[in-house]
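Student: Before anything else, here's the structure in question.
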Protein chains: 2
Amino acid sequence: MSDSPIVPVILCGGSGTRLWPRSRAAKPKPFLPLVGDSTLFEATVARCTPEAGFAPPVVVTGAAHVTHIEAQLADPAGSQVIVEPSARNTAAAIALAALRLPADAVMLVCPSDHHIADPAAFRGAALAAAQLARQGWLVSIAIAATAPETGFGYLQRGEALGDLGFRTARFVEKPDLARAQQFIAAGTYAWNGGIFAFPVGGFLRELEEHAPAILTAARRAVEAGRSDGHLFFPASGNFAAAPSISVDYAVMEPTAHKAMVLADMGWSDIGSWDALHSALPRDAAGNSCKGRAELVDCRNVLVDSDGPRVSAIGLEDVVIVVDGDEVLVTTHAGAQLVGKLPGAANQ
Amino acid sequence: MSDSPIVPVILCGGSGTRLWPRSRAAKPKPFLPLVGDSTLFEATVARCTPEAGFAPPVVVTGAAHVTHIEAQLADPAGSQVIVEPSARNTAAAIALAALRLPADAVMLVCPSDHHIADPAAFRGAALAAAQLARQGWLVSIAIAATAPETGFGYLQRGEALGDLGFRTARFVEKPDLARAQQFIAAGTYAWNGGIFAFPVGGFLRELEEHAPAILTAARRAVEAGRSDGHLFFPASGNFAAAPSISVDYAVMEPTAHKAMVLADMGWSDIGSWDALHSALPRDAAGNSCKGRAELVDCRNVLVDSDGPRVSAIGLEDVVIVVDGDEVLVTTHAGAQLVGKLPGAANQ
């Protein structure tokens, strides 16, 4: 089955409140050109081109994002967009896609709001993961861990599976700093970035075994759904019955067939303004500016303005964002709290 | 001559670039409500009311500011506005006013862009200074020095002149920190705030003795000037010949008849954003907000926005100003550099 297609399944669900005020409910994070000229969604699609051996993508998203997706897909008519009637987390979203694909296909599940600096490394890892998936493994593309981050889950690698990857010994939820430091010191842990290669049939079997309610709800929603060109609308009443559980908890933790492929590809989840700052080109003083800015005696300052000029003096490790009627000024450390600001929470 | 009038002479010259972007060439510092609801100019006029024994004011200003002055004077028709043909510093500006007043009047020279928290204390000091001026003294209303500031000139007090004030032993230009600390420790120095009470005739005699070119130029400009209602326009060609020297250097340093009256009146020159912050009401964390603001984990932060909401996280000793198409974010220490920013310098 080495010729079975690799189908990118692109999940467009999150709202990205931690990148408020640039990311807003009406135009959230995946659809913004946060790094370079492409949006994160466009770059996600572009990493999986037909030339590189990938089938046209399946996008799973909510109705609010369809307009952005239509505008940003390279080939809308050649793609498939599954419009979730409600947000039921990643296990149900991936189930919808699996039920619309041939059982022998390989799904390459990709979040749409991450940045990958080295797309060639990503493709190499994706192809290795697809090979393992064809052998029946549910494969995580695991991110080489470069620091004891407490904001990510970790994957512990087990025995080698040829030279393609490893069994996944266990999933670890976001650890505290001491444990994260142990993981880095041990050298056998990688970050869980939410990128997976699944055999469609194998994934559905594991879902049936470990989270049957999700499979049942998704199946009924697909069976009662309707197509409109390249858009597919699962039936809302049926889908709402799906438990809202991540694919990590629903399938990857319990399955006995989990594997991982290590990827060192300049990955970032762009999970906060300081994470975005780290992913951007910076000058010798660590500053990065988008829009009109004048910086005096500043170090590690990120300015992102959609219009007004920003003049900054004497700042260090600070992010300044101007977006229409909102101005955000935060320390790098404070950036974790952006999603809890009144402006971000009450959109 | 104890019944001679005390005429407030209000100098409206500066551009206030260190309070950019709120202070702009088109609407500079004196005409902004920086502290409370009144502008600094309005508050300057209001400190010297007829009820408190002052004559109607004489305002000396440039053509660019006349519209603001007309709008903000309590009684424009009852006041006199002298429109300088060009900016020639304070000695020439005061000379213009002196030449338009009776020789037996007392001029109370006031900058228009300072804040005085205790107007009653100011009036008490002004009346004492006027009494000394009627005795022939050129009197500084000296500011009780509360910290070793290096941004102000200092006045050293000499022998007492009854219980009204003191001779001024000497003028000291802006000192370095070590000298400023010596001055504070000595206890005999006060700040030079640029507020003076002068006998009109005595001032003109001292000007003739120590800076005759200024007097000649001002006299010719007034003699060839024209009135238009309460506006007076000195002749431009003549006035341009006046050397541009401050009244401190031109008259107060060289004169043998200098005196000072000490005033503890909550004075601030609002000479920078951090100085403004110190003059404003602050909450328990030292924060002060004007306009819409959300502060999280902030200490000693000043927010001043003319429209957009400002959300700030984790900042300390920072000033954030939003004014139309300009956003300023500076540390308190950096606030001294605001006037050198491209936006402030190239208006």
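Student: Could we say that residue A:22 is surrounded by 15 or more Cβ atoms within 10 Å (Cβ to Cβ), in contact with a Leu (Cβ under 9 Å, 6 or more places away or on another chain), part of a helix (DSSP H, G or I) and within 14 Å of another protein chain (Cβ to nearest Cβ) here? Quick ask: steps written out before the conclusion?
Tutor: Numbers: surrounded by 15 or more Cβ atoms within 10 Å (Cβ to Cβ): yes; in contact with a Leu (Cβ under 9 Å, 6 or more places away or on another chain): yes; part of a helix (DSSP H, G or I): no; within 14 Å of another protein chain (Cβ to nearest Cβ): yes.
Judged against the criteria, residue A:22 is not a match.
Residue by residue, here is whether (1) surrounded by fewer than 16 Cβ atoms within 10 Å (Cβ to Cβ); (2) closer than 22 Å to residue A:261 by Cα; (3) among the acidic types (Asp, Glu) holds:
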position	(1), (2), (3)
A:200	no, yes, no
A:206	no, yes, yes
A:215	no, no, no
A:223	yes, no, yes
A:236	yes, no, no
A:241	yes, no, no
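Student: Would you mind stating whether residue A:296 is of a type outside the set (Phe, Trp, Tyr), at the interface with chain B (Cβ under 9 Å from one of its Cβ atoms), over 19 Å from residue A:34 (Cβ atoms) and in contact with a helix residue (DSSP H, G or I) (Cβ under 8 Å, 6 or more places away or on another chain)? Don't jump to the end; show me each part of the working.
Tutor: Working: of a type outside the set (Phe, Trp, Tyr): yes; at the interface with chain B (Cβ under 9 Å from one of its Cβ atoms): yes; over 19 Å from residue A:34 (Cβ atoms): yes; in contact with a helix residue (DSSP H, G or I) (Cβ under 8 Å, 6 or more places away or on another chain): yes.
So residue A:296 passes the test.
Student: Considering only the range A:282-293, I want to know if a residue exists there that is in contact (Cβ under 8 Å) with a residue 60 or more places away in the chain, part of a strand (DSSP E or B), on the phi < 0 side of the Ramachandran plot and in contact with an Asp or Glu (Cβ under 9 Å, 6 or more places away or on another chain). Before the answer, list the steps.
Tutor: Step one: of the range A:282-293, the residues in contact (Cβ under 8 Å) with a residue 60 or more places away in the chain are none.
The answer is no; no qualifying residue exists.
Student: Continuing with this model, one more query. So residue A:306 clears everything in (1) surrounded by 24 or more Cβ atoms within 10 Å (Cβ to Cβ); (2) more than 7 Å from chain B (Cβ to nearest Cβ); (3) under 19 Å from residue B:324 (Cβ atoms); (4) not aromatic (Phe, Trp, Tyr) except one condition, right? Which one?
Tutor: Answer for residue A:306: the failing condition is (1).
Student: Between B:228, B:176, which is closer than 30 Å to residue B:264 by Cβ and of a type in the set (Asp, Glu)? If you could, list the steps in order and put the result at the bottom.
Tutor: On the way: B:228 fails: closer than 30 Å to residue B:264 by Cβ.
Exactly one residue qualifies, and that residue is B:176.
Student: Next question, about the same structure. Determine which member of the set A:104, A:118, A:163 is out of contact with any helix residue (DSSP H, G or I) (no Cβ under 8 Å at 6 or more places or on another chain), surrounded by fewer than 21 Cβ atoms within 10 Å (Cβ to Cβ), touching a residue at least 40 places away in the same chain (Cβ under 8 Å) and of a type in the set (D, E, K, R).
Tutor: Working: A:104 fails: out of contact with any helix residue (DSSP H, G or I) (no Cβ under 8 Å at 6 or more places or on another chain); A:163 fails: touching a residue at least 40 places away in the same chain (Cβ under 8 Å).
Sole residue among the options that is out of contact with any helix residue (DSSP H, G or I) (no Cβ under 8 Å at 6 or more places or on another chain), surrounded by fewer than 21 Cβ atoms within 10 Å (Cβ to Cβ), touching a residue at least 40 places away in the same chain (Cβ under 8 Å) and of a type in the set (D, E, K, R): A:118.
Student: While we're on this one: Within the range A:60-89, how many residues turn out to be of a type in the set (Asp, Glu), surrounded by fewer than 21 Cβ atoms within 10 Å (Cβ to Cβ) and farther than 17 Å from residue A:32 by Cβ?
Tutor: Number of matching residues: 1.
Student: Examine the range B:312-320 for a residue that is touching a residue at least 40 places away in the same chain (Cβ under 8 Å), in contact with a Phe, Trp or Tyr (Cβ under 7 Å, 6 or more places away or on another chain) and surrounded by 19 or more Cβ atoms within 10 Å (Cβ to Cβ), and state whether such a residue exists.
Tutor: yes
Student: Can you name the condition, by its number, that residue A:338 falls short on among (1) facing chain B (nearest Cβ under 9 Å); (2) in a strand (DSSP E or B)?
Tutor: Every listed condition holds for residue A:338 apart from (2).
Read-outs: derived from the displayed coordinates by stated rules, not from any lab. These figures come from a predicted structure and were not determined experimentally. So basically every Cβ, Gly included, is an ideal-geometry build from the backbone, and we count neighbours across all protein chains shown.
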